[in-house]
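These notes are about the structure you will find just below.
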Amino acid sequence: MPRFVVRYRGRGERPQDTLIKVQGIEGASVLEDSGRMLLVEAPEYALRNALVPETDWVISPEVRYAIPDTRKKVQAPPKSG
């Protein structure tokens, strides 16, 4: 199931009723809650529909980045000849 970052960009504390709406989506899980942001695993259509009238919330798909391997490696000497 896809994951989304749901961010509150309004003033003050986030409305608690929005969290209740997200938790009420069938099959949805709130994986992390940092106060102004939620990491939610839910069907995109249902999540967006639950937050349609809310203008202070931004929904973005979770993006993962591979961590580069910066360790030095031994290289073979160039071949002569």
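Note on the range 1-15: residues that are of a type in the set (Lys, Arg) and touching a Leu at 6+ places or on another chain (Cβ under 7 Å) amount to 1. Anything in the range 22-35 that is in contact with a helix residue (DSSP H, G or I) (Cβ under 9 Å, 6 or more places away or on another chain) and under 14 Å from residue 4 (Cβ atoms)? List them, or say none. If the condition is that a residue be in contact with a helix residue (DSSP H, G or I) (Cβ under 9 Å, 6 or more places away or on another chain) and under 14 Å from residue 4 (Cβ atoms), then 22, 25, 27, 28, 29, 30, 33 are the ones that fit.
Determine whether the range 66-75 contains at least one residue that is within 22 Å of residue 1 (Cβ to Cβ) and more than 18 Å from the chain's Cα centre (by Cα). Checking the range 66-75: not a single residue is within 22 Å of residue 1 (Cβ to Cβ) and more than 18 Å from the chain's Cα centre (by Cα). Pairing residues of the range 56-81 that are modelled with pLDDT of 90 or more and assigned to a strand (DSSP E or B) with residues that are of a type in the set (Ser, Thr, Tyr) and surrounded by fewer than 10 Cβ atoms within 10 Å (Cβ to Cβ), at Cβ distances under 8 Å and at least 6 apart in sequence or on separate chains, gives no pairs at all.
Summed over the range 33-47, the residues that are under 21 Å from residue 11 (Cα atoms) and of a type in the set (D, E, K, R) give a count of 2. Can you find a residue that is closer than 12 Å to residue 6 by Cβ, out of contact with any helix residue (DSSP H, G or I) (no Cβ under 9 Å at 6 or more places or on another chain), surrounded by 10 or more Cβ atoms within 10 Å (Cβ to Cβ) and touching a residue at least 12 places away in the same chain (Cβ under 8 Å) anywhere in the range 43-50? Taking every residue of the range 43-50 in turn, at least one turns out to be closer than 12 Å to residue 6 by Cβ, out of contact with any helix residue (DSSP H, G or I) (no Cβ under 9 Å at 6 or more places or on another chain), surrounded by 10 or more Cβ atoms within 10 Å (Cβ to Cβ) and touching a residue at least 12 places away in the same chain (Cβ under 8 Å).
The values are calculated or read from the model by the stated rules, or taken from the named source; none is laboratory data. In this text, all values refer to a predicted model and were calculated from it rather than measured experimentally. A quick note on method: Cβ atoms are made from the backbone with ideal geometry, for glycine too, and the neighbour counts reach across all protein chains shown.
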